[in-house]
Amino acid sequence: MLVRWFNDRNILERILAVNLSIILLMSALGLVTLHHFNQVVQIGKSIEVHPLVVGNAVLEIEGSVSELNGYLKTALETQTLTSIAAYQHKTEALDPAIRTNLSIIEDRFLGNPKMARGATFYYLDWKRHNDRMMEALRNHAPSAVIERTSRESWLSRDLMNDYLTEIAFFAHTKARSFIQGLQSQRRSAVMWAVLFVVIAASLATILSVLVGRTVARPIRLLQRVMNALAKGHLDVHLPKVHSDRFEAGAIAKAAQSLKASAKEKNRLIEKAEQARAKAENANQAKSRFLAMMSHELRTPMNAILGSAQVLDTMSLDDEIREHVDTLTTGGETLMAILNDVLDLTKIESGKLSVEYTDFDFAALLQQAQSLWAPRASDKALELNFKIAEDVPQWIHSDTTRIRQILFNLLSNAIKFTSTGSVDVTVQTLGTTDGNTQLEIAVRDTGIGIAPHCLDALFNPFEQADNSITRRFGGTGLGLSISRQLATLLGGELSVESREGIGSTFRFRFGAAPCTAPKEKQPAKGTDAKKPRALTILVAEDNAMNIKVLRALLKPFPYEIVHAENGKIALDFLETREFDLALMDIQMPILDGLLATKKLRAGNGPNKNIPVIAMTANAMEGDRESYLAAGMTGYVPKPIDARQLYSTIAHAAAKGRKGIGAPTATAKAASGI
C-alpha cells in the first residue's frame, strides 16, 4: 500500500516525504555538530574564493574561445566580408568578458603567478594573430600569408589552453584539498553523533533504495535515451513509466516527441540533399545548354551578319540597301538578346567579372552621343548631353561595363519616348577614398512608369506591364543586368518616374581619375594605311563561314589557304610558311585548341606565327583557355569586320616576335 502510494507521487512529493522522515531523526545530530558547522562554513568560503571562482573563470574563457573559434573557422572557409565582420563583431562582444575572467584568475589564483600572466599573454597574442588574419582575408592576401598567420594563431591558442588547463587542474587540486579538510570536520561531527547516524542511515538506506528504483533509475534511462537521440540513434528503446504524475513520464513523452522530430528532420535533410543535387545537376545542364546554344546560334549568325557586312560595302540601289539594313538590324538585335541571356547567366553563377583599365571617359560619352543621336533623330527627339566641368576626362574603371549600362539606358529612353527629348547629365558627387563619385543621369519625356511597377522593374524578364512587351518589344533583361553590373562596379542604379511624364535613371559609381597614356609615335618610313600582303591559313569547317571570311578579306592583298579541320591545318603548317593563322575552335578530327598546342610544341617553320582564335564560344573562361593554349588573339563570332581587320593588322605588325611564350604574349597581342 505504501509503495503504491509512493509510486503515484511526483518527484517533489517523494523527496519531501523522504526528507521529512530524515529531518526528524537528524535534528538531534544538528545540535551536536553545530560547532563543527561553523568551521565547515569557513572552509566553504575558502572554496568559493579560490577554486570555484578560478575554475568558473577558466570554463567561461574556454567557452568564449571555443565560440570565437567557430566564427574564425567560418571566416577562413568562406573568406567573405560578411563572415569576417561577424567574427569581429563577436570578438568585440566576448573580449571584455574574457579579459575580466583573466583578471579574476590573476587576482584569485593561488598558484604560480606566471601561469595566470601566461594565459593572459597568449590570449592577447592569439587575438592579435586573428586580427592580422582577418585583415589578410579582407585584403585578399596570398594563401601562404593566411596559412602562416593561421598557424601562429593556433599555436598561441594551444599555449593559452595549456596554461588554462594547468590553472584549472591546480584549482581542482586546491578544491579537493579544502574538501578533504571539510570531510575531516564532518568526521569529527559524526563521531559525536554516531548513534544518531546509525539510526538515520538505516532509515535513509531503505528510503534511498525506494527513491532510486522509482526516481533515479527512470531518469538515468531517460538520460541514456536522450544522449542516444542526440547522437542520431533513432532506434533507441524508450523506458516505460507507470504514472503521468511522475516527471519522468513527461520526460519520456518529450523524448518520444524528440525522436519523432529527429526522424522527420532526417527525412527533410535527405530530401533537401536530393533537391540540392538535382539543382546542381540542373545548373550544370543549363550551363552546358547555354554554351551549346551560344555556339550553335553564333555560327549561323556569323554567316548572316558577315554577309550583310559584305553587302554593305557594295554599290546597291536604295531598296536593296534598305533590306540589307533591316537584315543587319535584326541580326544585331538577336545577338544583343543572346548576349543579355549569357550575361545574366554569368551574373547568377557569379562568374561575370569586371576588368579595370585606364580609359577616356569623355570619349566614351562622346561616342555614345554620336551613336545614339541618329536613332533619336529618326524619332524627332532631341538628345542632349550635359557634362560638368569637374568630371575627369580619364578614369580607371571597366569601360565595357560602363558603356553597356549607358547604352542600355539610352536605348530604353529613346525606345519609350515618342516626343520631347532625352537628356544625359554627368556630374561628380564628391570623393571617397580617392575615388571620384560619378553620376550619369538619363532623363526622358516618355511614357513613365506606374509606382506599383517600380519594384519589379529590375527583375529579370519583367517589364512595367505586359503591354510594354507587345508595343515596344524587348526581353526585360537590360535593366536587371545593368543594375547587377552597377553593383559589380561598386555603384548603384536607381530610378525615379511619373507615369505619363517620364523617367530618370541614375547610375552612380566610383572611379579613380587618371592621366592619359603617352601616344606611341609610328616608326619612320612605315605606311600604316597600306596593308601588307599576307599569306593566311584559315582553319574552318563551316562552308558558309569560310565563304563570308573570303568576302570580308577580299579587298586586301591576302592569300587565303583553307583547311577544313585542325589536322589538315597542321599538314599545311608543316609544309609551307604562313604569316598568321585564323583558327576555328570546334572542328572535326582535330579541334583548334589541340592543333595550336601541337603547333607550339613542334619545330615546324610556323611554330611562332600568330594564331587568332575564331569561335562562337562565348562562355566565361573560353578566352583564357585559348590564350593558355598558345593563341595570340581572339575574334568572336559573329565576326565584326573592323575587329577582324584590327586583329589581323596587330598580329601582322607583331609578327613572330615573342610568340614562344604564349600565355605572356597572348594578353599583350589580343588586348584582352
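Among the residues in region 348-357, are any assigned to a helix (DSSP H, G or I), β-branched (Val, Ile, Thr) and either under 38 Å from the mean Cα position of the chain (by Cα) or at pLDDT below 75 (or both)? Looking for residues that are assigned to a helix (DSSP H, G or I), β-branched (Val, Ile, Thr) and either under 38 Å from the mean Cα position of the chain (by Cα) or at pLDDT below 75 (or both), one finds none in region 348-357, hence no. Does region 82-90 contain any residue that is open to solvent by 80 Å² or more (accessible area, probe 1.4 Å), modelled with pLDDT under 85, in a helix (DSSP H, G or I) and not hydrophobic (A, V, I, L, M, F, W, C)? Taking every residue of region 82-90 in turn, none turns out to be open to solvent by 80 Å² or more (accessible area, probe 1.4 Å), modelled with pLDDT under 85, in a helix (DSSP H, G or I) and not hydrophobic (A, V, I, L, M, F, W, C).
Residues are listed down the side, and each one gets a yes or a no for (1) open to solvent by 10 Å² or more (accessible area, probe 1.4 Å); (2) in contact (Cβ under 8 Å) with a residue 40 or more places away in the chain:
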{"position": "563", "(1), (2)": "no, no"}
{"position": "574", "(1), (2)": "yes, no"}
{"position": "577", "(1), (2)": "yes, yes"}
{"position": "586", "(1), (2)": "yes, yes"}
{"position": "592", "(1), (2)": "no, yes"}
{"position": "598", "(1), (2)": "yes, no"}
{"position": "615", "(1), (2)": "no, yes"}
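Consider residue 162 against the criteria (1) at pLDDT 85 or above; (2) crowded, with 16+ Cβ neighbours inside 10 Å; (3) within 19 Å of residue 60 (Cβ to Cβ): it satisfies all of them except one. Which criterion is unmet? For residue 162, the failing item is (2).
Looking across region 124-164, the residues that are among the small types (Gly, Ala, Ser) and in contact (Cβ under 8 Å) with a residue 12 or more places away in the chain come down to 136, 150, 153, 156. Per the conditions (1) modelled with pLDDT under 90; (2) closer than 25 Å to residue 360 by Cα, the sole criterion not satisfied by residue 415 is (2).
Would you confirm whether or not region 641-659 contains a residue that is open to solvent by 10 Å² or more (accessible area, probe 1.4 Å), at pLDDT 90 or above and within 18 Å of residue 550 (Cβ to Cβ)? The answer is no, given that none of the residues of region 641-659 is open to solvent by 10 Å² or more (accessible area, probe 1.4 Å), at pLDDT 90 or above and within 18 Å of residue 550 (Cβ to Cβ). Kindly indicate whether residue 411 is within 18 Å of residue 493 (Cα to Cα) and in a helix (DSSP H, G or I). So residue 411 passes the test. The residues in region 132-159 that are open to solvent by less than 70 Å² (accessible area, probe 1.4 Å) and closer than 17 Å to residue 78 by Cα can be counted, and the count is 10. Restricting the first member to region 258-282 and to residues that are on the phi > 0 side of the Ramachandran plot, and the second to residues that are open to solvent by 90 Å² or more (accessible area, probe 1.4 Å), no beta-carbon pair is closer than 6 Å while six or more apart or on different chains. Within region 535-560, the only residue that satisfies the criterion of being more than 16 Å from residue 612 (Cα to Cα) and crowded, with 20+ Cβ neighbours inside 10 Å is 548.
I'm trying to understand the selection: among the residues of region 97-116, which are in a helix (DSSP H, G or I), more than 23 Å from residue 150 (Cα to Cα) and not hydroxyl-bearing (Ser, Thr, Tyr)? Hits for region 97-116 are 97, 101, 102, 104, 105, 106, 107, 108, 113, 114, 115, 116. The lone criterion from (1) hydroxyl-bearing (Ser, Thr, Tyr); (2) in contact (Cβ under 8 Å) with a residue 60 or more places away in the chain; (3) open to solvent by 50 Å² or more (accessible area, probe 1.4 Å) left unmet by residue 397 is number (3). If you go through region 615-638 one residue at a time, do you hit one that is at pLDDT below 80 and farther than 22 Å from residue 355 by Cα? Yes, region 615-638 has at least one match.
Residues of region 401-427 that are under 31 Å from the mean Cα position of the chain (by Cα) and free of Cβ contacts under 8 Å to residues at least 60 places away in the same chain: 403, 407. State yes or no: is residue 168 crowded, with 17+ Cβ neighbours inside 10 Å, under 17 Å from residue 66 (Cα atoms) and modelled with pLDDT under 85? When the stated conditions are applied, residue 168 passes them. May I ask you to verify whether residue 402 is within 21 Å of residue 355 (Cβ to Cβ) and at pLDDT 95 or above? No.
Across region 358-367, the number of residues qualifying as in a helix (DSSP H, G or I), modelled with pLDDT of 90 or more and either loosely packed, with under 15 Cβ neighbours inside 10 Å or not aromatic (Phe, Trp, Tyr) (or both) comes to 5. Counting only residues that are closer than 17 Å to residue 64 by Cβ and touching a Phe, Trp or Tyr at 6+ places or on another chain (Cβ under 8 Å), how many does region 122-158 have? The qualifying residues number 5.
Every residue, every condition in (1) part of a helix (DSSP H, G or I); (2) modelled with pLDDT of 80 or more; (3) closer than 16 Å to residue 411 by Cα, yes or no:
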| site | (1), (2), (3) |
| --- | --- |
| 452 | yes, no, no |
| 459 | no, no, no |
| 462 | no, no, no |
| 470 | yes, no, no |
| 476 | no, no, yes |
| 481 | yes, yes, yes |
| 486 | yes, yes, no |
| 490 | no, yes, no |
| 495 | no, yes, yes |
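State all residues of region 374-394 that are not in a loop (DSSP other than H, G, I, E, B) and not aromatic (Phe, Trp, Tyr); if no residue qualifies, say none. Matches in region 374-394: 374, 375, 376, 377, 378, 382, 383, 384, 386, 387.
If you take the residues in region 110-123 that are without any contact (Cβ under 8 Å) to a residue 40 or more places away in the chain and open to solvent by 60 Å² or more (accessible area, probe 1.4 Å), which one is nearest to residue 80 (Cα to Cα)? Result: 121.
The values are calculated or read from the model by the stated rules, or taken from the named source; none is laboratory data. As the structure is a computational prediction, the values presented were derived from the model and not from experiment. Cβ sites come from the backbone with ideal geometry, for glycine too, and all protein chains shown count toward neighbours. The accessibility values were calculated without ligands, DNA or RNA, using every heavy atom of the protein model including side chains. Shrake-Rupley method; radii C 1.70, N 1.55, O 1.52, S 1.80 Å.
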